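The values are calculated or read from the model by the stated rules, or taken from the named source; none is laboratory data. Keep in mind the model is a prediction, meaning the values are calculated, not measured. For neighbour counting, all protein chains shown are included, and Cβ atoms are generated from backbone atoms with ideal geometry for every residue, glycine included. Quick note on the areas: whole protein, heavy atoms, side chains included, nothing else; ligands and nucleic acids left out. Shrake-Rupley method; radii C 1.70, N 1.55, O 1.52, S 1.80 Å.
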Amino acid sequence: FTGTYYTAVSATQKKILPSPLVGSQHLPNQKNNPTFGFTVNWSFSDSTTVFTGQCFVDKGREVLKTMWLLRSRVDDAKDDWKAT
């Protein structure tokens, strides 16, 4: 799947912009509560975030439970420790 990610959370002073995302999931007809993953390429910073999770249906309402990992660009490999 593809789409646009809108966020209100940021540690930047830059204007927050919608950002493209691309992902995949197990089809709902294969099993209940499908797993999924997607990547967001932030339009307003030099970073990328990956999300992985599972969709649950609770009393007719879809709930996404996710974990995420953000990676920022650094100028040198010696700065790798502070990029994730």
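For this structure, a couple of remarks:
- Considering only alpha-carbon pairs that sit under 8 angstrom and 6 or more positions apart, the relative contact order computed for the chain is 19 percent.
- Residues in the chain average 79 Å² of solvent-accessible surface per residue, probe 1.4 Å, ligands and nucleic acids excluded.
- Remark: the chain carries a charge dipole of roughly 260 debye about the Cα centre, counting +1 on each Lys and Arg Cβ and -1 on each Asp and Glu Cβ.
- Note on the chain: Kirkwood hydrodynamic radius from all Cα pairs is 14.6 Å, rounded to one decimal.
- Computed E for ASP79/LYS15 - FRET, C-beta separation, R0 30 angstrom, nearest 0.05: 0.70
- Sulfur and carbon atoms: percent of accessible area, the stretch 26-67 [1.4 Å]: 52
- Counting lysine pairs in the chain whose alpha carbons fall under 24 angstrom apart, excluding pairs fewer than 8 residues apart on the same chain, gives 4.
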